[in-house]
Amino acid sequence: MKYDVAIVGAGVIGSLIARELSRYNIRIALVEKCNDMAMGTSKANSAIVHAGFDAKPGSLKAKLNVEGTALMPELCKKLSVPFKPVGSLVVAFSDEETNTLKELLERGKINGVPGLEIYDSDKLHDVEPNINDEAKAALWAPSAGIVCPYELTIAAVENAVVNGVDFIRNFEVKSIEYSDGEFSVSDGKETINTNYIINAAGVYCDEIASLIGDTSIHTIPRKGEYMLCDKSVGKLANHTIFQCPSKMGKGILVTPTVDGNLLLGPSALDIEDKNDVSTTSETLSEILEIAKKSVPSLTTREVITSFAGLRAHCSKNDFIIEPSEKNDKFINVAGIESPGLSSAPAIALYVKGIILSKINAEIKSDFIEEREEPVRFRHMTNDERKALIEKNPAYGRIICRCETITEGEILDAIHAPAGARDVDGVKRRTRAGMGRCQGGFCGSKVVELLAKELGVEINKITKCGGNSKILYERTK
Amino acid sequence: MLNYDIVVIGGGPAGMAAALKAKECGVDSILILERAETLGGILEQCIHTGFGLHYFGEELSGPEYADRFISLVNEKNIEYKTDTMALEITENNVVYAVNKTDGLLEIQAKAIILAMGCRERPRGALNIAGTRASGVMSAGTAQKYVNIDGYMPGKKVVILGSGDIGLIMARRMTLEGAEVKCVCELMPYSSGLTRNIVQCLDDFNIPLYLSCTVIDIHGKGRIEGVTIADVDENRRPIKGTERYIECDTLLLSVGLIPENELTRAVGIQLDPITSGAVVDEYRETSHKGVFACGNVLHVHDLVDYVTLESQTAGEGAANYVLGKSSEAEYIETKGVNGVRYIVPQKVNIKNEGDIKLYFRVGQVYKNARIVVKYNGEEIISRKRPRLAPGEMEDVLIKNDMLKNFAQGGKIEISVEV
């Protein structure tokens, strides 16, 4: 198959680039080494949209963060992705930290962050009643928000696929040849040909770049561990609560999620292994200890799961978004660590600009800008539910008891453009298995539905592709 | 809007026994709502025997035990809807439920019996470190895969937690050809029944490591092994005791949680220890006309006791519907000194029968006494050779004793060694 542009990596960056380019009459492939999109950094991060006062003025991070954050609400609306403009607070516990807030405020002003304001202790406790009594002041950033990062990625891919992009799963790029002005990209079994490559491979960006001899990028996986708490304590924080930043990042935050849970994390540890998303008990207890400095009433009792993600840290400390020095038809989109999610909508536009400066692309007249809103039974009124089940009885059968997810929603997830192929794929699209029982009851039903819809035996269904099988052979 | 005298939420052993008893007491308009495809609840996947010894005086498998009640439900023409999920109950005892054929149901009940059962505690609640590989599942999920679906969830198994389902699955997986490497129990004693430890572990030479837990999970796609370690008296892993065990499956049997989402949503008072509703001797909750029984009220050790308790709730609901409830003067019950909780939490002293109090102890005791005090004065003392957290205990308060109590009094049960 011959493409104009092949994007390597279906994280939030690659997926939004694919969607943005699908406005034009060009052939696009979005290749992903896993069984689904959003399987790396995009599924395990803080899920927040930063206001943009952290990055150094003049950096690409500063520019794209502020621009991306401004674009996010509208984009989420078009893609039917939940976004909540909750705003963020950076909390100071000492006079020294209060000075840091002032520095952040000044930096934010230079970066063009709207609405920044320093709250005194009274105002802070007023807007965030569960905050530590010892908190002295806070930097309030109204433009910050929360978003579901994997849902954004899934929606972007779905919309891109509807607009003609080929989403190619389980294609791990092993070699890239360049001859006669064209790349041949291979996973060792199949080859695709393309005029341009966009390297959006996250922590693997350096390895993909090295396939064309570009060794200028060095990605250091920086692991961040998180704990997710039950919805019963989701209201302990009204806003994203940061502590004062350090060299390793923005520290441990406490934030509500768009689904009403409470998220604590991340830690920050530079590691070697780009596959290592394991959690450690020491780090998890450390996270809780630090998070309790912000919200003292937190306990482990409400933790329903923990996870880790890797940030694609580059020694340059800024996003690297430019054609490779080795081949100007190969565009690196590397070093996308925080505020990568916040910047993603702006990064997509920025990369589109680079591509359009090279290709003569015509805008499509039939581009579909909006993604149809998935059915979310749990958010409906009883009258809406009644009407829905009358139209399609599959919405009358609850599969996931904890999150009230219906069979109809699971079938929709499987049959969507670029639909779910494994249990975690169903979980990310529908929330089935994300509740307090963590799939204890619905897991086996989801396996059954996947097997039936995909026409395979149930022991072929995996948790998340590869060798993550769930069942072995039949019993005796 | 549909109308029933009694709506029973849950068609497992609790729901069926409650419905049957209510029918026997003279209520005809009863509807059972069951979320699974069949009546019977979790018993349907419990194909081992050991059920019914107390209630029927014979040893039955789970499906056989359930079938006796399913047959009766059919025989007595009690209405039920399967594959039907209750979504909400309201202040006015309206139940909202959904299924594929009726769509959204709105049912006005005079009384509601909550019998939703319980669920297993998941991995996340334990905060076990490591990867998120496949092959980590609750013992009950594995039981469904093996016994209902007919597929093996793994070959080399480590079980964390010695709850009864974990013990049962140790034997079941072994019989199906898997190698069960060990059962690790965080506490210095098992939370399972003694008979299950003997019949499911000892008989198959499966080691039970007490004061031991899983501290790390290894494997990228599928789980490849776990690190286990001994724990000290504060349940913290002891450095130097870590050992790696290769396995492709980790089953969790680390506790059961009553499923009280509907209960909580309507504002019914819950007991923080049982995680079930606070009830009186007829298992009526803080919400008039709403009763609770079975594992949704407190986790039972044997289904036989679930049946008995549910009959009590069924009778209570019937009395409520038929206007036969007696006037009420309550005393409180409270577990102290080794007794974790008591159900019921309050007792109407105007009740005309004897009252059985059920409770669990917090640790293993040998040659101890169970002491019941009324307002600080000892009224009953019973010797017990052995008390364990895994086994439910009970004492009977005779009606002539009840008659001597006064409203606002307090019964305390304690363990004395």
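Annotations
- Relative exposure of B:PHE359, A:PHE93, A:PHE330, judged by other C-beta atoms within 10 Å (fewest first): A:PHE93, B:PHE359, A:PHE330
- Under 5 Å from the amide H of B:LEU2 lie the amide H atoms of B:GLU106, B:ILE107, B:GLN108, each residue being 5 or more positions distant or on a separate chain, with H modelled from the backbone and absent for Pro and chain starts.
- Cα principal axis extents for the protein assembly as shown, largest first, Å: 96, 63, 60
- Potential lengthening between B:ASN77 and B:ILE238 on full extension [0.36 nm per residue; Cα-Cα distance subtracted]: 52.1 nm
- Cα→Cβ-extended label distance, 7 Å offset, between B:VAL417 and B:SER325, nm: 4.2 nm
- Rounded if a/c under 1.5, otherwise prolate or oblate - chain A, Cα gyration tensor axes: oblate
- Evaluated at q = 0.11 Å⁻¹, a Debye calculation over the C-alpha positions of chain B (equal weights, vacuum) places log10 I(q)/I(0) at -0.87.
- Using the Cβ-Cβ distance between A:LYS292 and A:SER179 with R0 set to 56 Å, the FRET efficiency works out to roughly 0.45.
- Relative to the Cα centre, the charge distribution of chain A, modelled as +1 at Lys and Arg Cβ and -1 at Asp and Glu Cβ, gives a dipole magnitude of about 980 debye.
- Selection among A:ILE354, A:ALA344, A:ILE304 by position relative to the dipole of region A:285-427 gives A:ILE304 as farthest towards the positive end (Cβ unit charges, Cα centre).
- In order through region B:268-278: 3J(HN,Hα) via Karplus (6.51 cos²θ - 1.76 cosθ + 1.60), integer Hz, x for Gly, Pro: 6, 5, 10, 8, x, 7, 7, 6, x, 5, 7
- A:HIS218-A:SER59 FRET efficiency (beta carbon distance; Förster radius 22 Å; 0.05 resolution): 0.75
- Relative contact order of region A:405-474, pairs being alpha-carbon contacts under 8 Å that are 6 or more residues apart, as %: 28 percent
- Computed helical MRE - 222 nm, the protein assembly as shown, DSSP H runs ≥ 4 contributing -39500 (n - 2.57), nearest 500: -7500 deg cm²/dmol
- Computed extension length for B:ASP394-B:GLU59: 118.4 nm, one decimal, from 0.36 nm per residue of separation with the Cα-Cα distance subtracted.
- Rounded D (µm²/s) - region B:323-417, Kirkwood Rh over Cα pairs, Stokes-Einstein at 4 °C, 1.567 mPa s: 95 µm²/s
- Computed from backbone phi with θ = phi - 60° and the Karplus coefficients 6.51, -1.76 and 1.60, the 3J(HN,Hα) list for region B:224-232 is 10, x, 10, 9, 10, 8, 6, 10, 7 Hz; x is used for glycine and proline.
- Backbone geometry of region A:266-280 corresponds, through the Karplus equation with coefficients 6.51, -1.76 and 1.60 at θ = phi - 60°, to 3J(HN,Hα) couplings of x, 6, 9, 9, 6, 10, 9, 7, 6, 9, 7, 10, 7, 9, 10 Hz, x marking Gly and Pro.
- Counting Cβ atoms of other protein chains within 10 Å of each residue's Cβ and taking the mean over peptide A:433-443 gives 6.
- Label zone of A:GLU372 (point 7 Å out along Cα→Cβ, amide N under 20 Å): in region A:141-170 this covers A:151-167.
- Net charge dipole, region B:327-417: roughly 420 debye, given to the nearest 20, about the Cα centre with Cβ charges of +1 for Lys and Arg and -1 for Asp and Glu.
- Inter-chain shielding of A:453-464 (mean C-beta neighbours from other protein chains, 10 Å cut-off): 2
- Rounded to 10°, Cα long-axis angle of helix B:303-321 versus longest principal axis of chain B: 30 degrees
- Here the simple spin-label model places points 7 Å from the Cα toward Cβ, and for B:SER286 and A:GLU74 these points are separated by 5.0 nm.
- For residues of A:389-396, the mean tally of beta carbons on other chains within 10 Å: 4
- Value in Å of the Kirkwood radius, where region B:122-254 supplies the Cα pairs that are averaged: 14.4 Å
- Nonlocal amide H pairs with A:PHE167, under 5 Å, H built at 1.01 Å: A:LEU30
- Protection proxy ranking for B:207-217, A:331-341, using the average of other Cβ atoms within 10 Å per residue and placing the highest first: A:331-341, B:207-217.
- Choice from B:GLU259, B:GLU88, B:GLU34 with maximal GNM fluctuation in chain B (Cα, 10 Å cutoff): B:GLU88
- Cut-off under 5 Å, modelled amide H: who pairs with A:ILE405 long-range: A:ILE399, A:CYS400
- Counting only alpha carbon atoms, the long axis of helix B:13-24 and the longest principal axis of chain B meet at about 20°.
- Projected label distance in nm at A:SER281 and B:GLU37, using a 7 Å step from Cα toward the beta-carbon: 4.0 nm
Values quoted throughout were computed directly from the atomic coordinates according to the rules given, and no laboratory measurement underlies them. The shown structure was predicted, so the numbers you read here are calculated from the model rather than taken from an experiment. As a convention, Cβ positions derive from the backbone with ideal geometry for all residues, glycine included, and neighbour counts pool all protein chains shown.
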